[in-house]
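Enquirer: Below is one structure. I have some questions about it.
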Amino acid sequence: MAEKCLTVCSASESMIAKAEQEGVSTAFSRSQEIKPCPFGVSGTCCRNCAMGPCRLTFKGEVTEEEQELGSKRGVCGATVGTISARNFARMIAAGASAHSDHGREVAQTFLAAAKKEIPGYDIKDEVKLRTIAGVLDISTDNKDKYQIAREVGEVLIKEFGKQEGELAFVKRAPEKRQRIWAEHGITPRGIDREVVETMHRTSIGVDQDYRNILLHGSRNALADGWGGSMIATELQDIMFGTPIPLRSKVNLGVLKEDEVNIIVHGHEPLLSEMIVVASRDPELLDLAKKVGAKGINLAGICCTANEILMRQGVPIAGNFLQQELAILTGAVEAMVVDVQCVMQSLPSVAKCYHTEIITTAEKARMSGTSHFEFHPHHALEVSKDIVRRAIKNFPKRKSVNIPKEEMDLVAGFSHETVNYMLGGSFRSSYRPLNDNIINGRIRGVAGVVGCNNPKVPHDKIHTEVVKELIANDVLVLQTGCSAIACAKEGLLIPEAALKYAGPGLREVCETVGIPPVLHCGSCVDNSRLLIAATEMVKEGGLGNDISDLPVVGCAPEWMSEKAIAIGQYFVASGVYVVFGVTFPVTGSKGVSDFLFEEHDKITGGKWAFEPDPHKMAALMLDRINKARKALGIDKPQERVLYDMEMRRELKF
Ligand code: BF8
């Protein structure tokens with residue numbers, strides 16, 4: 001029997017082989033050993049009280065109708081639809097909590113920076129600050145940036161505990177979208193409130209109508225996308241600078257044999273931005289030389305990597321499934337973690353080498369690690385202490401085995417940059433993008449995002465879906481670990497347009513000088529995609545709402561509850577979203593029908609589940625084609641061969 005393909009990333013493959021040889025357990029090996037619970041996978045296990053857990057199984061026992069009506073029920077009488085919807089809604093609540101708690105930390109730090117209480121943090125992007133102040137109806141007349149920032153911070157921090165009205169950023173959405181949310185009672189009110197209400201509704205004996213539970217799930221998810229995540233993105237941009245395109249490198253080959261390697265891993269740039277500063281400190285660089293290293297090399301894993309890549313050009317060592325593999329190189333002096341997507345196995349892997357795992361968040365402690373508690377008030381000192389510790393570890397290295405693979409990438413596509421790149425500095429707008437969609441050079445836009453999951457070959461589904469989309473003239477916007485997967489494959493450089501893109505997309509990319517796949521940031525930065533879609537609507541010519549656009553989304557290798565929250569806020573915002581691997585409601589026909597079909601009639605967006613990358617791409621293309629037809633822009637355009645003169649005159 002052929003061996004199971006674990007990854008298409010050759011750097012990872014060599015480290016997985018090394019782990020096997022050295023008897024080190026990784027997510028790849030554990031995933032082979034663990035047999036997932038079939039009830040959990042399909043969403044039909046309820047453990048929300050102590051009368052169960054109730055695991056409902058139906059194979060050959062009852063009809064589909066009986067399944068939903070409930071001839072077989074949990075001890076409390078809950079039907080499979082109720083159980084499945086409760087579980088799904090709780091995933092949304094957990095995912096929204098993660099993004100929003102991140103947003104809260106950022107908002108608190110932002111307010112302290114505005115009050116000049118925390119040295120090292122500042123208000124860097126005054127243009128964006130004024131834009132956001134405008135959105136919040138805060139007057140900027142005769143006020144300096146700190147005063148404006150203070151008022152912005154005070155308004156946004158209240159969004160978390162808001163009890164009345166609606167979230168402030170809701171009004172950034174197209175008007176028709178806002179009306180749809182209001183009509184269905186899913187306009188988010190307060191960020192924390194929606195999470196608490198999800199937990200209440202889904203506890204024993206409360207909301208027992210699966211449609212009603214899932215509609216609130218949408219409201220909760222919208223509180224993430226148009227609330228917590230959007231606050232995180234906007235305030236990070238104002239504090240640290242809105243990303244602009246830059247070049248960097250990706251994959252394990254960015255680690256250096258002759259330098260102190262520090263990996264930052266997790267999500268919040270509050271910490272990693274300061275580690276960047278500390279790693280460039282001349283005194284610490286001297287210290288590194290004293291222990292025999294040529295310098296200090298900082299690299300990232302997961303979303304904090306995306307954050308400091310986008311703003312500082314710091315290289316990325318890998319995505320979610322490479323966190324253990326980076327340690328296996330024997331070249332990492334310290335892995336500094338904060339919150340989310342940090343594997344509990346890291347200390348066990350690190351024990352076999354000289355790597356020190358350093359936790360920094362009070363809310364995310366791990367045994368077998370060192371803890372350097374991070375607080376914005378003494379951020380730089382803690383960051384320097386961490387770098388000093390890493391330097392101290394350098395002489396403890398044993399054998400080092402760094403894979404050679406590294407790849408160039410271009411990142412830094414905030415929605416403001418897309419605006420500028422396509423529209424030009426004098427008339428930045430989404431008009432050229434809309435025009436190129438209308439004239440058919442660009443068929444549509446796809447957001448391809450999300451995690452890795454060892455149930456499927458690492459990076460394979462991401463890269464295959466994206467290649468197929470760009471070959472069909474779909475411009476791809478990426479975030480999270482999906483962006484890292486495609487960057488390693490060489491899809492995030494302008495040259496990729498020549499190699500992989502269809503003729504229309506290639507022409508646009510060549511003219512503008514952009515890759516066919518744009519790196520838009522971390523997972524909270526999916527909020528950038530909501531704003532980009534809104535700008536496309538407002539620019540005109542592509543309908544009145546996000547649901548009219550030839551725009552789709554997918555998370556080919558998802559694993560985190562955060563991905564479910566993101567998927568749901570896109571579906572609730574009017575987008576067609578396809579997930580691969582597994583889908584956690586397939587045990588209930590009613591809930592599956594609701595999410596996969598009925599939802600389209602409510603919000604103009606719906607879910608689909610398709611693990612095969614080619615079928616996934618086909619589903620997305622089909623949806624894009626249907627949107628083009630509905631807009632009346634599906635007629636084939638006459639193709640013209642452009643000479644240099646005509647190209648120069650092209651108005652992008
Ligand atoms: O928030 S894509 S594995 S790192 S959850 Fe985690 Fe998934 Fe990566 Fe970023 Ni997002």
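The values are calculated or read from the model by the stated rules, or taken from the named source; none is laboratory data. None of these values were measured; they are calculated from a predicted model. Note that each Cβ is placed from the backbone with ideal geometry, even for glycine, and that neighbours are counted across all protein chains shown. Remember, those area values only see protein heavy atoms, side chains included, never the ligands or the DNA or RNA. Shrake-Rupley method; radii C 1.70, N 1.55, O 1.52, S 1.80 Å.
Enquirer: Return the whole-Å distance between the Cα centroid of region 544-614 and the Cα centroid of region 67-130.
Expert: 18
Enquirer: Carbon and sulfur atoms: what percent of the 1.4 Å accessible area of region 223-284 do they account for? Write down the numbers at each step before the final one.
Expert: Numbers: 750 of 1390 Å².
That fraction is 54 percent.
Enquirer: So, one more: Counting heavy atoms of the protein chains only and a 1.4 Å probe, report the per residue accessible area for the chain as a whole number of Å². Don't skip to the answer; put the middle values down first.
Expert: Numbers: 24630 Å² over 652 residues.
Normalised by residue count, the accessible surface of the chain is 38 Å².
Enquirer: Starting from the Cα of T131, step 7 Å along the direction of its Cβ; do the same at C5; then give the gap between the two resulting points in nm.
Expert: The modelled label-to-label distance comes out at 4.0 nm.
Enquirer: Here's something else I'd like to know. Take the Cα of D385, step 7 Å along the line toward its Cβ, and report every residue of region 335-356 whose backbone nitrogen sits under 18 Å from that point.
Expert: The answer is 335-339, 356.
Enquirer: Tell me, what ³J(HN,Hα) does each residue in region 470-487 have, in order and in whole Hz, if you take phi through Karplus 6.51 cos²θ - 1.76 cosθ + 1.60 with θ = phi - 60° and put x for Gly and Pro?
Expert: Calculated HN-Hα couplings, in order: 5, 4, 9, 6, 9, 6, 10, 10, 10, 9, x, 6, 5, 4, 5, 4, 6, 5 Hz.
Enquirer: Quick one: longest stretch of the chain between exposed loop GluC sites (Glu not before Pro), exposed meaning at most 12 other C-beta atoms within 10 Å and loop per DSSP?
Expert: On the way: sites that count: E3, E61, E117, E164, E362, E373, E638.
Looking at the chain, 374-637 is the longest stretch - no exposed GluC sites (Glu not before Pro) with at most 12 other Cβ atoms within 10 Å.
Enquirer: To continue, here is another question. Of the cross-linked pairs K589/K626; K256/K290; K176/K615; K460/K499; K249/K467, which ones have a Cα-Cα span greater than 22 Å in the structure shown?
Expert: Working: K589/K626 26 Å; K256/K290 17 Å; K176/K615 32 Å; K460/K499 18 Å; K249/K467 20 Å.
Checking Cα-Cα distances, K589/K626; K176/K615 exceed 22 Å.
Enquirer: Using a 1.4 Å probe on the protein chains only, how many percent of the accessible area of region 346-467 belongs to carbon and sulfur?
Expert: Carbon with sulfur: 53 percent of the solvent-accessible area.
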